[in-house]
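S.K.: My questions all concern the structure below.
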Amino acid sequence: MGRPRTFDIDKALNVTADMFWRRGYDNTSIGDLTKAIGISAPSFYFAFGSKEAVFLRIVEVYLARQNEIVERALREPDARAVAASLLFGISDLLTSPDHAPGCLILNNALPICDDHPFRARWAEGRSAIRNELAERFRKDRESGLAFPEDWDPADTARLVVSLVWGLAVEIHSGASSHEIQRMISHFLGMWPED
């Protein structure tokens, strides 16, 4: 019979998430993780399977939080309100004191090489959000809701998603929550009234 686990799995996941957030996936070794958690390498592999498996587990939880923000935004009554809800919601997530500044995915996407499997996975995620926004913006324009006639829905969706990533970079670079809120408000102020 195996020995019982002698560490708190949720606490270990929080420590691991913080290391990936601050140092990045590629700059965090199994040795770093086991030392921070206070367990042996065999215990780590038994509990989590691999560094990649624990990282993807953490990313899955993070993406669920992001997806809640996207889904809530898409329920807003018009395109401008969708953009506002998405941008302010992501801003709140990225400036949360629960983790290091910025976006877990962005913090890990920039330093990895072009052929890294994570890069393609995250590009697909951004594309999915862009497509959802573009479809929503297209429907709003066709329905006569508040979407500027001379704005292209797909281009506007790409701009909003680019702003989300730009927020993450600014926050990671030290921008305060107040500065980010002002930036979002400035963008929304440029949204033409019908």
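Coordinate-derived values only; no laboratory data. Predicted model only: the values in this text are computed from it and were never measured. No Cβ is skipped: glycine too gets one built from the backbone with ideal geometry, and neighbour counts run over all protein chains shown.
S.K.: Please report the relative contact order for the chain, taking Cα pairs under 8 Å with a sequence separation of at least 6, and give it as a percent rounded to a whole number.
M.R.: 23
S.K.: Next question. Once R0 is set to 25 Å, what does the formula 1/(1 + (r/R0)^6) return for the Cβ-Cβ distance between MET190 and VAL169, expressed as a FRET efficiency to the nearest 0.05?
M.R.: Efficiency, from the Cβ-Cβ distance: 0.80.
S.K.: Another question, then. Tell me, what ³J(HN,Hα) does each residue in segment 174-186 have, in order and in whole Hz, if you take phi through Karplus 6.51 cos²θ - 1.76 cosθ + 1.60 with θ = phi - 60° and put x for Gly and Pro?
M.R.: Per-residue couplings from phi come out as x, 5, 7, 4, 4, 5, 5, 4, 5, 4, 5, 4, 4 Hz.
S.K.: If you stretched the chain out fully between ARG119 and PHE46, how much longer would it get, using 0.36 nm times the residue separation minus the C-alpha to C-alpha distance?
M.R.: Full-extension gain reported as 23.6 nm.
S.K.: Net charge near GLN66, counting Lys/Arg +1 and Asp/Glu -1 over other residues with Cβ under 13 Å of its Cβ?
M.R.: -2
S.K.: Next question, about the same structure. What 222 nm value per residue comes from the helices of the chain, counting each DSSP H run with n ≥ 4 as -39,500 (n - 2.57) and dividing by all residues, nearest 500 deg cm²/dmol?
M.R.: Taken over the chain, the calculation gives -23000 deg cm²/dmol.
S.K.: A further question follows. Taking the Cα centre of segment 20-139 as origin, work out the dipole magnitude from +1 charges on Lys and Arg Cβ and -1 charges on Asp and Glu Cβ, in debye rounded to 20.
M.R.: Once rounded to the nearest 20, the dipole reads 120 debye.
S.K.: Given (1) 0.92; (2) 1.06; (3) 1.03, which label gives Rg/Rh (Cα atoms, Kirkwood Rh) as computed from the coordinates?
M.R.: Comparing each candidate, only (2) matches the computed number.
S.K.: Using a cut-off of 15 Å between beta-carbons, work out the net charge of the residues near ARG138 (Lys and Arg +1, Asp and Glu -1, ARG138 not included).
M.R.: -3
S.K.: Pick out, from TRP21, ALA84, ALA36, the residue whose Cα sits farthest towards the positive end of the charge dipole of the chain, with +1 on the Cβ of Lys and Arg and -1 on the Cβ of Asp and Glu.
M.R.: Sorting the options by dipole projection puts first ALA36.
S.K.: Okay, moving on. List, in order, the whole-Hz ³J(HN,Hα) value for each residue of segment 157-169 obtained from phi through the Karplus relation with A = 6.51, B = -1.76, C = 1.60 and θ = phi - 60°; use x for Gly and Pro.
M.R.: 4, 5, 4, 5, 5, 5, 5, 4, 5, x, 4, 4, 5
S.K.: Still on this structure, I have one more. Return the sequence-ordered ³J(HN,Hα) values of segment 54-70 in whole Hz as given by the Karplus equation 6.51 cos²θ - 1.76 cosθ + 1.60 applied to θ = phi - 60°, using x for Gly and Pro.
M.R.: With the stated coefficients, segment 54-70 comes to 5, 4, 5, 5, 5, 4, 4, 5, 4, 5, 4, 5, 5, 5, 4, 5, 5 Hz.
S.K.: Sort LEU159, LEU94 so the one with the fewest other Cβ atoms within 10 Å of its own Cβ comes first.
M.R.: LEU159, LEU94
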